[in-house]
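Structure first, then comments.
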Amino acid sequence: MRAIHASAAGGPDVLELVEVPDPTARPDEVVVRVAAAGINFIDTYRRSGVYKVAFPHVVGSEGAGTVVSVGAAVTEFAVGDQVAWASAPGSYAELVRVPERELLPVPAGVDLQVAAALPLQGMTAHYLVTSVFRLAQGHDVLVHAGAGGVGLLLTQLAAARGARVISTVGSADKERLAREAGAAEVIRYRELTDLTHDLPAQVRALTDGLGVHVAYDSVGKDTFDASLTSLRRRGTLVLFGASSGPVPPVDPQRLNHAGSLYLTRPTLGDFTATREELTWRSHELFDAVLAGSLDVRIGATFPLADAADAHRALESRSTTGKVLLLP
Ligand SMILES: NC(=O)c1ccc[n+]([C@@H]2O[C@H](COP(=O)([O-])OP(=O)(O)OC[C@H]3O[C@@H](n4cnc5c(N)ncnc54)[C@H](OP(=O)(O)O)[C@@H]3O)[C@@H](O)[C@H]2O)c1
């Protein structure tokens, strides 16, 4: 089969298409023929060496497709089932081994590309609004990169819970998408002269001078200080990514001085650690798609062989919504 390998840590050029033996399912795994593999920012952290992995590294962790073989201990899935997953190493490939505990059944009526677009970014948006901070009517929320993969889903889920979303985006096109997703206010943060000063000033102007209850910050280095200063007293900063680079160490005294703030740095694995929690989140998301209340925007698709171009697009801030690889 064909797969995408990274031979060493580096830029998108290290991604190469290789021929490798077909995988065989271990007892608790299935092998899936991949219809679409999800591209996620975390794939770029692993490829570039920001997150440590062993090389050569078989890239990707997310996708959807059809089960072609099952291990001896698998009980809930059979050949022919349509499935999706957020966490199976080596998903940029024609075939991938997926542990049974990671499998999400794809309901009839959900397209496999939509199914591939949802698990990682969708379950992230879901845990952010349900479990990290229980959003409800009356909450003011700051969502950075509001037209991105996580951003569009997070905005929709937050608005559906009655929160008022203030979104930051990088362009006019992205502003339109963020508003369509339910953002009440949009700030084009790349146009601000001094982001760290001007962004909180705009957020306060939009919130009667108080600031937001919660800031969801996946941009990291460039926005962290502005997010902290945009919070109201006892507000929560949810740092969940580093698209612009990692945030330097923080002195806890800053949380005290800025109004008894909360700071958390969550990761999806801790919010899908049990099979029960994983299926609760995925069922709610697939149900919302089927009900027409959650729109999954696939902003771009690339052939498997063009994985490097897909990474270049994601890292250059030119993508919106989900980016998929189609083996
Ligand atoms: N902790 C978790 O559980 C978890 C799970 C999933 C994803 N994440 C994180 O969530 C973030 C979003 O992931 P995604 O896959 O949905 O990506 P994405 O948001 O679709 O793409 C990243 C976006 O970030 C913005 N950005 C700002 N500064 C940037 C920079 N210097 N370089 C590149 N992009 C920049 C860009 O939007 P603008 O043009 O609008 O600025 C860009 O489109 C990532 O940081 C990822 O690591 C975390």
### Failed item in (1) of a type in the set (A, V, I, L, M, F, W, C); (2) under 25 Å from Ala159 (Cβ atoms); (3) not in a helix (DSSP H, G or I), with Ala273 passing the rest
(2)
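Being outside any helix (DSSP H, G or I), within 16 Å of the ligand (Cβ to nearest atom) and among the acidic types (Asp, Glu) narrows it down to one residue among Asp208, Asp198, Asp222; which is it? First the steps, then the outcome.
Numbers: Asp208 fails: within 16 Å of the ligand (Cβ to nearest atom); Asp198 fails: outside any helix (DSSP H, G or I).
After applying the criteria, what remains is Asp222.
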### Task
Tell me which residues, restricted to segment 112-160, are more than 8 Å from the ligand (Cβ to nearest atom), in a loop (DSSP other than H, G, I, E, B) and touching a residue at least 12 places away in the same chain (Cβ under 8 Å).
Leu118, Phe133, Leu135, Ala136, Gln137, Gly138, His139
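Which one is nearest to the ligand (Cβ to nearest atom) among residues in segment 225-245 that are of a type in the set (Ser, Thr, Tyr) and either touching a helix residue (DSSP H, G or I) at 6+ places or on another chain (Cβ under 7 Å) or assigned to a strand (DSSP E or B) (or both)?
Here is the first cut: in segment 225-245, the ones of a type in the set (Ser, Thr, Tyr) are 227, 229-230, 236, 243-244.
Imposing the further condition that a residue be either touching a helix residue (DSSP H, G or I) at 6+ places or on another chain (Cβ under 7 Å) or assigned to a strand (DSSP E or B) (or both) reduces the set to 229-230, 236, 243.
On the way: Thr229: 18, Ser230: 16, Thr236: 15, Ser243: 4 Å.
Of everything passing the filter in segment 225-245, Ser243 is nearest to the ligand (Cβ to nearest atom).
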### Query
Is it fair to say Arg101 is surrounded by fewer than 22 Cβ atoms within 10 Å (Cβ to Cβ), in contact with a Pro (Cβ under 6 Å, 6 or more places away or on another chain) and not in a loop (DSSP other than H, G, I, E, B)?
no
### Query
Looking at segment 179-195, which of its residues are more than 12 Å from the ligand (Cβ to nearest atom), surrounded by fewer than 16 Cβ atoms within 10 Å (Cβ to Cβ) and acidic (Asp, Glu)?
Glu180, Asp194
### Query
Among Leu263, Leu255, which is the only one that is within 25 Å of Ala215 (Cα to Cα), hydrophobic (A, V, I, L, M, F, W, C), at pLDDT 95 or above and in a strand (DSSP E or B)?
Leu263
### Task
Please verify whether segment 2-15 includes one or more residues that are farther than 24 Å from Met123 by Cα, within 16 Å of the ligand (Cβ to nearest atom) and loosely packed, with under 15 Cβ neighbours inside 10 Å.
yes
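Quick one: in segment 285-327, of everything that is among the aliphatic types (A, V, I, L, M) and not in a helix (DSSP H, G or I), which residue is farthest from the ligand (Cβ to nearest atom)?
Residues of segment 285-327 among the aliphatic types (A, V, I, L, M): 285, 288-291, 294, 296, 298, 300, 304-305, 307-308, 310, 313-314, 323-326.
Those still in the list that are not in a helix (DSSP H, G or I) too: 294, 296, 298, 300, 323-326.
Details: Leu294: 15, Val296: 12, Ile298: 12, Ala300: 10, Val323: 7, Leu324: 12, Leu325: 13, Leu326: 17 Å.
In this case the residue turns out to be Leu326.
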### Message
Restricting to segment 17-69, name every residue that is in a loop (DSSP other than H, G, I, E, B), within 16 Å of the ligand (Cβ to nearest atom) and not aliphatic (A, V, I, L, M).
### Response
Asn40, Gly49, Tyr51, Lys52, Gly60, Ser61
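The values are calculated or read from the model by the stated rules, or taken from the named source; none is laboratory data. As the structure is a prediction and not an experimental result, all values here were calculated from the model. Heads up, the Cβs are rebuilt from the backbone with ideal geometry, glycines too, and the neighbour counts pull from every protein chain shown.
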